Every structure is written in C-alpha cells, then in structure tokens.
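Engineer: Okay, here's the structure, questions in a sec.
The values are calculated or read from the model by the stated rules, or taken from the named source; none is laboratory data. What you see is a predicted model, and the numbers here were worked out from it, not measured in a lab. As a convention, Cβ positions derive from the backbone with ideal geometry for all residues, glycine included, and neighbour counts pool all protein chains shown.
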Amino acid sequence: MRQAEVTRNTLETQITVRLNLDGTGQGKFATGVPFLDHMLDQIARHGLIDLDIDARGDLHIDAHHTVEDIGITLGQALAKAWGDKKGLTRYGHSYVPLDEALSRVVIDLSGRPGLELNCDFTRAVIGQFDVDLVSEFFHGLVNHAGMTLHIDNLRGKNAHHQAETIFKAFGRALRMAVTPDPRMAGCMPSTKGSL
C-alpha cells in the first residue's frame, strides 16, 4: 500500500497528514478552516485518496500560515507515498464542471515544482476564506511534492463553484497521475531514467 504520514511543526502551525494513495476517498479533516476542509474533502473523494489532516495554527492572526503549511505537509506526504515513481502514469488531467463553472487541471509528477494558476475569482472571500489562499495552498503543495501543476478556471460566476471545480479537478488529475500503468511496471516514466 502506498501510504505516508508526515508531521510538520513550526512556531506557527502543527500539522499531521496521513494518506493512502490506494484508498476509497475517505476524508477526515480538522484544520480550523471550514472551507479548506470542504476543499480537501474534494481532493480525497475525487482522487480516491484516503486523507486525514489534523492542523493547529495561528488562526487568531488569519488562515494564511495554516493553509500554506497544510499544502506543504500534504506535498511532503504525497512525495513520500509515491516513492520513486516507477510504473506510474506520471501525467494526469481533468476537466470538472459545477453549474456555470468549469476548471481544467493538468499534472506532471516531473520532480520539478511549478505552478500556473489562472483563476479570476468573482469575489475576494468565500465565507471567511480569502481566495488568495488557494494559490498559497497549491504553491506549498507543488514545491514539496515536486510536481508541475497547471490550473485554469475556464469560466465561472460563483466563487465557491470556481474553487470547488479546481479542487475536484485536482483530485481527479492526481488520481490519474499516480495510477500504476501495467505497461510501465518497474520502469521510470522518463527518458532521463529518473524523476
């Protein structure tokens, strides 16, 4: 089983992430940021990843450190769980609609961190969640997972729908990328011989 547990403690946050890449989409979240819990549940459910995240952060300041550090810790756990990447599909993509909103996410488990996020959110806050934190979450994740990630919200009028399509599409693209390809069994999905 491709599983990992990572704990990251700083003066600002204390975070533990447990995941199973070969799960059934079960999620358990206690981050103190309700909208983020809802988005993490989308990753778990649509990625078919069992995901348990417990976080304590300096929410009396704002949610920035907590959201960013959850992204960092999740990225570390993903990298630990998929190991050397031999036999993986490596690439994943997904288009996900939600009513008027549509997002596309494309992933390469390249070993090279990079994020291209294009979303003009229609409002700055969803509930009490600052939409700038979507970028902070994914920056932390890609930098520590070592993946290239392209996120494009192609249309949307409702900011909640825009964010939800992004997280759902990320989960589905991740599921595709980490799926073993039986034709690549034991082989590195790169002409370089390593990722």
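Engineer: Can residue 45 be described as in contact with a helix residue (DSSP H, G or I) (Cβ under 9 Å, 6 or more places away or on another chain), among the charged types (D, E, K, R), under 21 Å from residue 150 (Cβ atoms) and modelled with pLDDT of 95 or more?
Structural biologist: So residue 45 does not fit the description; no.
Engineer: Listed residues 62, 54; which is among the charged types (D, E, K, R), in a loop (DSSP other than H, G, I, E, B) and under 19 Å from residue 133 (Cβ atoms)?
Structural biologist: On the way: 54 fails: in a loop (DSSP other than H, G, I, E, B).
After ruling out the rest, the residue left standing is 62.
Engineer: For the structure I just gave you, tell me whether residue 62 is surrounded by fewer than 22 Cβ atoms within 10 Å (Cβ to Cβ) and at pLDDT 95 or above.
Structural biologist: Yes; evaluated as a whole, the condition is true for this residue.
Engineer: Given (1) under 24 Å from residue 69 (Cβ atoms); (2) modelled with pLDDT under 95, where does residue 183 come up short, assuming only one miss?
Structural biologist: (1)
Engineer: Pairs under 8 Å by beta carbon, first residue closer than 16 Å to residue 133 by Cα and in contact (Cβ under 8 Å) with a residue 60 or more places away in the chain in segment 160-181, partner β-branched (Val, Ile, Thr) and part of a helix (DSSP H, G or I), six or more apart or different chains?
Structural biologist: Cβ pairs passing all conditions: 163/134; 166/134; 167/43; 170/43.
Engineer: List the residue pairs whose Cβ atoms are under 7 Å apart, where the first residue sits in segment 101-126 and is within 22 Å of residue 193 (Cα to Cα), the second is modelled with pLDDT under 95 and not charged (D, E, K, R), and the two are 6 or more positions apart or on different chains.
Structural biologist: Matching pairs, first to second residue: 109/195; 110/195; 111/195.
Engineer: Could you tell me whether any residue of segment 140-154 is touching a strand residue (DSSP E or B) at 6+ places or on another chain (Cβ under 8 Å), farther than 19 Å from residue 114 by Cβ and not charged (D, E, K, R)?
Structural biologist: yes
Engineer: Further question on the same structure: Restricting to segment 6-51, and then to whatever is of a type in the set (A, V, I, L, M) and in a loop (DSSP other than H, G, I, E, B), can you tell me which residue is surrounded by the fewest Cβ atoms within 10 Å (Cβ to Cβ)? Steps first, please.
Structural biologist: Quick first cut of segment 6-51, residues of a type in the set (A, V, I, L, M) only: 6, 11, 15, 17, 19, 21, 30, 33, 36, 39-40, 43-44, 48-49, 51.
After this cut, where a residue has to be in a loop (DSSP other than H, G, I, E, B) as well, the list is 11, 21, 33, 48-49.
Numbers: 11: 7, 21: 23, 33: 23, 48: 19, 49: 25.
For segment 6-51, the residue satisfying everything is 11.
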